[in-house]
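Read the figures in this text as sums done on the coordinates, not as results from a lab. Just so it is clear, the structure is predicted and the values come from calculations on it, not from any experiment. Neighbour counts run over all protein chains shown; Cβ positions are idealised from the backbone, glycine included.
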Amino acid sequence: MAGANDATLFATAVLFIMTATFLSGLVLLLLGRARLGPSAKFIPYPVVGGFLAATGVYFLIRGAGLAVPGGASGPEMLTAEAARHWWPYVAGGFALTLIAQRTSHAVALALGIVATTGGFFAYIALSDMTLARAMEQGLLLGASPTGIGGLSAGDLPRLGEADVAAIAGEANTLLALAGLSVLALVMNISGLELQLRGAFNLNREFRSAGLANMIGAAGGGFVGFHSASMFQVSHRLLPEPRTTTNLAATSVVALGFAGALGAIAYLPVGLFALVLCLLGFELLWRWLVEAWRTMPRSDYAIILVILTITLAFDFVTAVLAGIVIASLLFTAAYSRINVIRNRVTARLRQSPTERPEADTAILSRKGEETVILELEGYLFFGTANTLYETVASELKKRTTPLRNLILDFRRVQGVDVSTAYVMARITDMVRRERANVLFSAMSGAVSDRLSATGVLSAVDTHRTLADALGAVEDSVLHETRIGHAPGEPPATAFGLLISRAAGLDLPLVAERRTLAAGQTLFHQGDAGDSLAYLENGRLSAWVRSPTGSGARVASFLPGAVVGEIAFCTGTTRTASVVADSPCRIAVITRASLDAAARTHPEIAAEFHAILSRLLSGRLGRTTALLHALDR
């Protein structure tokens, strides 16, 4: 805007400030209304620590510079003349910090205020120096403005002279200011949470800051947000907030508008210098001394890096650098996490399908040929590579051949694209060993990501881990030719007992029932006064939730005993049993068992022995599985 007149420059500058403040407020308000506040809270703890340590250094620099008559900053503060003025306050701030560690911050601050103010006016009195002379030498704060600065009502019509095109050309700057406002608010809120050891509702803070900025923009106000450093000052003066605090702050603002704050001019500059030095040392003590004793060295190093970058460049550069460093450290640490929640074999982990005893024995004997890896967490290039190395090690150390590898994704939250390629490598490696690979319980997002690389075309996929185990068991039994002729019950101990009782003309079986597909054998909650032996067909057990929905928890094949737990314990049915296909069932009741036992007690003894073997075998497998999962 070279060559523009003063009125245009003034109007453009004010309108730019108003636009930046309003836009920043609008962004903050929208983030709060959309409840996106917590998603913006991404600043790692060590980065906030470095931010607060840098704030402490700035407090020291500003405090020391304030103690020099006329003010000082930069290299000029290192001159002997400047150091002569500021070193007592820096030393005093450090001494008060040590006192605060042994008493309290309030005591140290009060001691500093009384000593500095009393000492200064005692010096004035003893040296016969007048207040006017002290004012000239810069020892007092100086006169305050007598009116309102900035935009007045008479200036508002001049905004029409603003160069709107010049403001529009700075759209990128306006957006950057809005982004920095979000970053600054999150940074300061994080610092406040650490100082208060509490939590803020970030959505509420975004909304309140956004609304305040939009209102303040109308008066030409700058972007405003929470201030951890200002809080540090006020919190040391008054640790517990009170209603009178707000009234006092409002009164000071009102007095400022009325031009009635002239008495402030007679406060010693050294008082403010000492308070700033004290606050600076307190922040440095917390984040450089105490943090050294309590934080891991890697996190402490991040604090030092943030502190150094902040002093060398600025806060924004330091925060961005800290986020990058913390992200790299997090990635490295997360890569070392084992994403394999459980590793078991099919000898212990079997599908919830009740089979004849002979089939169960075969599955237990061949169970070591099937390995089940239950995965968890988020799979990315680091953790996926750990999974690859685990599978490779599994193949090398095996003494028996691997026939099936099941990867269960039920607890996997997501995968990245590199994981898809690692899964392809795992599949190729396992298939070269003439083994099958099965994936179970993949979410839609995981399935889509893996299918993009074609890996799913080379594996068997199943809805649940139970389905995958069932498919493996069916394959194993088919290969070993375990089965019976269609339409005939399998040769099981329970089936043989029923046949023997029938040969003796004993009423062990109370009734034989034929169920059509979909017909219910037992209802959840019914009395457990009977059990059933499945001679043909297939049954499923369903558990009804309080909401009314149902889930299948077990399946039963020919030769299985159904309802034995409720029968033995005398409790009610824990699940409903429904026919999946036409079934033929032999039902044994307590009454029929007692009737058979009256003439042939050995039948009842064998009945209970078979149930005991059945239940103890199931309990043994469950106990071994729990021990395996607890490793």
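Debye sum, Cα scatterers, the stretch 493-629, no solvent: what log₁₀ I/I(0) at q = 0.12 1/Å?
Scattering profile of the stretch 493-629, log10 relative to I(0): -0.51.
Which FRET efficiency, nearest 0.05, do A115 and R286 yield, Cβ-Cβ r, R0 30 Å?
0.80
Using the Cβ atoms and a cut-off under 12 Å, what net charge is assigned to the surroundings of N5, where Lys and Arg are +1 and Asp and Glu are -1?
-2
Would you calculate, for the chain, the mean residue ellipticity at 222 nm contributed by helices, counting each DSSP H stretch of 4 or more residues as -39,500 (n - 2.57) and dividing by all residues, to the nearest 500?
Numbers: 23 runs with 353 residues, N = 631.
Value at 222 nm, helices only, nearest 500: -18500 deg cm²/dmol.
Kindly provide the Kirkwood hydrodynamic radius of the stretch 345-414 in Å, to one decimal, from all pairs of distinct alpha carbon atoms.
Every distinct Cα pair counted, the radius reaches 13.7 Å.
By what distance, in whole Å, do the Cα atoms of the chain stretch along each of the three principal axes, largest value first?
Principal extents (Cα only, largest first): 128, 58, 50 Å.
Cα gyration tensor of the stretch 270-326, axes a ≥ b ≥ c as square roots of the eigenvalues: rounded (a/c below 1.5), prolate (a/b > b/c) or oblate?
Oblate, because a/c is 1.5 or more while a/b does not exceed b/c.
Once the Cα gyration tensor of the stretch 340-479 is diagonalised, what are the square roots of 5 times its eigenvalues, in whole Å and ordered largest first, as equivalent ellipsoid semi-axes?
Equivalent-ellipsoid dimensions as semi-axes: 25, 16, 13 Å.
Just the Kirkwood number for the stretch 263-369, please: inverse of mean 1/r across all distinct Cα pairs, in Å, one decimal.
20.0
If you consider only alpha-carbon coordinates, what radius of gyration and Dmax does the stretch 194-318 have, in Å?
18.4, 53
Quick one: what does P(r) look like for the stretch 179-227 with 5 Å bins over all Cα pairs, in whole %?
5, 22, 28, 24, 13, 6, 2, 0
Which chymotrypsin sites (Phe, Trp or Tyr not before Pro) does the stretch 294-336 hold that lie in a coil by DSSP with at most 13 other beta carbons within 10 Å?
When the chymotrypsin sites (Phe, Trp or Tyr not before Pro) of the stretch 294-336 are filtered for loop state and at most 13 Cβ neighbours within 10 Å, F313 remain.
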